[in-house]
Amino acid sequence: MTTPATIGSRIRSFRERLEMSVTDFAKQTRFDESLINSIEADEVYPSIGTLSRIARALGQRLGTFMDDQYKPDPLIVRAGSRQAGQTTHKAPAVADGFSYSPLSRGKTDRHMDAFYIEIAPDAGELLSSHEGEEFIVVISGEVELSYGGDTHLLGPGDSAHYNSIGRHLVKAHGDAPATIYAVVFIPF
């Protein structure tokens, strides 16, 4: 069986294999049916938090929906080629202003997902909470990490490692964009 090419079509394919209706899937993920339909139609690109809840509901790891083909170890992604895999959030309800470049695409036996993320200064502010852990390293700009009621300011070279079940938000600080590397582990 070939794997569908887009994230939305992959999600729909896995949901249909489980013979789960959109209504049942929406209940299991705790998302509105309209959001599920928009994601499956590729009208909305889900945030990492949204995608992690979808993956968990389908019994899959986060990267299952981002992989396009297998690549043997070691998987190397050159800085100049990572833009080819870039995807951007398109709907304010899903956290606009974040541009993700998946760095683990093709490593089908992985247990974590790595991303290069560009954060616009006016990016949406949507708190996230999901099982697992996250590790971020600031590359440029300044980043505000809100976690557990506290706010932490991080600059280039600073990092943070936290349990992602705690409500958290990563955003650019001030009027300048920021870039980070993020590694996400979500058990399934």
Query raised in the report: What number goes with the only condition from (1) buried (at least 17 other Cβ atoms within 10 Å of the Cβ); (2) in a strand (DSSP E or B) that H130 does not pass?
Result: (2)
Report summary line: Restricted to segment 113-143 and to residues being aliphatic (A, V, I, L, M) and over 11 Å from Y181 (Cβ atoms), the residue modelled with the highest pLDDT is V143
Report task. Residue by residue through segment 149-163, note down the ones that are in contact with a strand residue (DSSP E or B) (Cβ under 8 Å, 6 or more places away or on another chain) and outside any strand (DSSP E or B). Result -> G155, P156, G157, D158
Query raised in the report: Can you tell me how many residues in segment 140-155 are among the β-branched types (V, I, T) and either under 12 Å from P121 (Cα atoms) or within 21 Å of the chain's Cα centre (by Cα) (or both)?
Result: 1
Query raised in the report: If you check D109 against the conditions, is it over 26 Å from L35 (Cβ atoms), modelled with pLDDT of 95 or more and surrounded by fewer than 18 Cβ atoms within 10 Å (Cβ to Cβ)?
Result: no
Query raised in the report: In this structure, is L35 surrounded by fewer than 21 Cβ atoms within 10 Å (Cβ to Cβ), touching a residue at least 40 places away in the same chain (Cβ under 8 Å) and not assigned by TED's automatic domain parsing to the domain that holds L127?
Result: yes
Query raised in the report: Taking segment 26-60 only, how many residues are β-branched (V, I, T) and in contact with a strand residue (DSSP E or B) (Cβ under 9 Å, 6 or more places away or on another chain)?
Result: 2
Report task. Could you tell me which residue of segment 15-32 is farthest from L62 (Cα to Cα), considering only residues that are in contact with an Asp or Glu (Cβ under 8 Å, 6 or more places away or on another chain) and surrounded by fewer than 18 Cβ atoms within 10 Å (Cβ to Cβ)? Result -> T23
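The values are calculated or read from the model by the stated rules, or taken from the named source; none is laboratory data. None of the values given here were measured: they were computed from a predicted structure. Ideal geometry is used to build each Cβ from the backbone, glycine not excepted, and the neighbour counts take in all protein chains shown.
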